[in-house]
Structures are given as structure tokens and as C-alpha cells.
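Below is one structure, written out as C-alpha cells; the observations come after it.
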Amino acid sequence: MLWSTMTRAIQVDHPHRLTVGEARRRIEQAASLAADKYRLVCRWVGDVLEVLPPPGVAAGARGRLVLLDGVAHAEVVLPGPYRFVSGKVATRLARELDELLAC
């Protein structure tokens with residue numbers, strides 16, 4: 001598992017042993033719960049989940065999760081005022097992926 005906060009984007013690569021279909025099913029379930037709880041806009045484009053905050057909240061933030069065979073690549077961009085929490089976001093994202101994609 002690797003993550004980087006040196007650029008504006010937080011990036012987390014998480015290896016997994018699931019099929020892309022099973023990984024997507026688990027991610028969809030978690031994304032649906034998060035969308036309801038935080039009013040996020042989530043949409044799939046192929047095997048890429050795009051996540052946006054509701055209008056007016058954290059303007060400029062965005063996330064995406066790319067599901068590949070053997071690895072999930074997550075990327076989160078935070079606007080300037082939120083960059084100070086990028087380390088916490090990276091840690092939480094890595095932990096959530098670990099739980100979601102465990103065999």
C-alpha cells in the first residue's frame with residue numbers, strides 16, 4: 001500500500017485479490033452509504049468511480065477510484081483550505097480500502 005501527499009492529489013494504491021466485479025460490488029455498497037450520509041455525488045464510468053461533494057461544500061474537492069485486476073487506485077484532490085488534513089485523509093482512505101477489499 002502506497003500513498004503520497006506531496007502533490008495536490010492524495011493517492012492510495014491498495015492491492016487486492018478480488019475479482020474486479022466483487023471489488024466493485026463492495027465499493028458500490030460503501031459508496032452508496034457514504035453518498036447518503038454525506039450527500040456525495042457518485043457515478044461509475046466503466047471501472048472508475050467518480051465522487052464529488054454536494055454543490056457549495058468543499059468546492060474543488062473530488063475523488064476517483066480506479067478498479068484494476070489486483071489493485072485499487074484512489075485519488076483525492078482537496079481544495080487549499082482542506083490540504084492540512086491530507087495526511088489524515090490518506091490514512092483513513094487506506095484503512096477503509098483495507099477493510100473493504102479484504103479477502
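The values are calculated or read from the model by the stated rules, or taken from the named source; none is laboratory data. The structure displayed is predicted, hence computed values, not measured ones. A quick note on method: Cβ atoms are made from the backbone with ideal geometry, for glycine too, and the neighbour counts reach across all protein chains shown.
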* To do: Tell me which of these ARG24 doesn't satisfy, since it passes every other one: (1) part of a strand (DSSP E or B); (2) at pLDDT 95 or above.
  => (1)
* State whether one or more residues within region 68-88 are without any contact (Cβ under 8 Å) to a residue 40 or more places away in the chain, at positive phi and either assigned to a helix (DSSP H, G or I) or surrounded by 12 or more Cβ atoms within 10 Å (Cβ to Cβ) (or both). => no
* Does ASP98 satisfy being in a helix (DSSP H, G or I) and either modelled with pLDDT of 95 or more or not hydrophobic (A, V, I, L, M, F, W, C) (or both)? -> yes
* **Count of residues meeting criterion [outside any strand (DSSP E or B) and either among the small types (Gly, Ala, Ser) or surrounded by 12 or more Cβ atoms within 10 Å (Cβ to Cβ) (or both)] in region 55-67** => 5
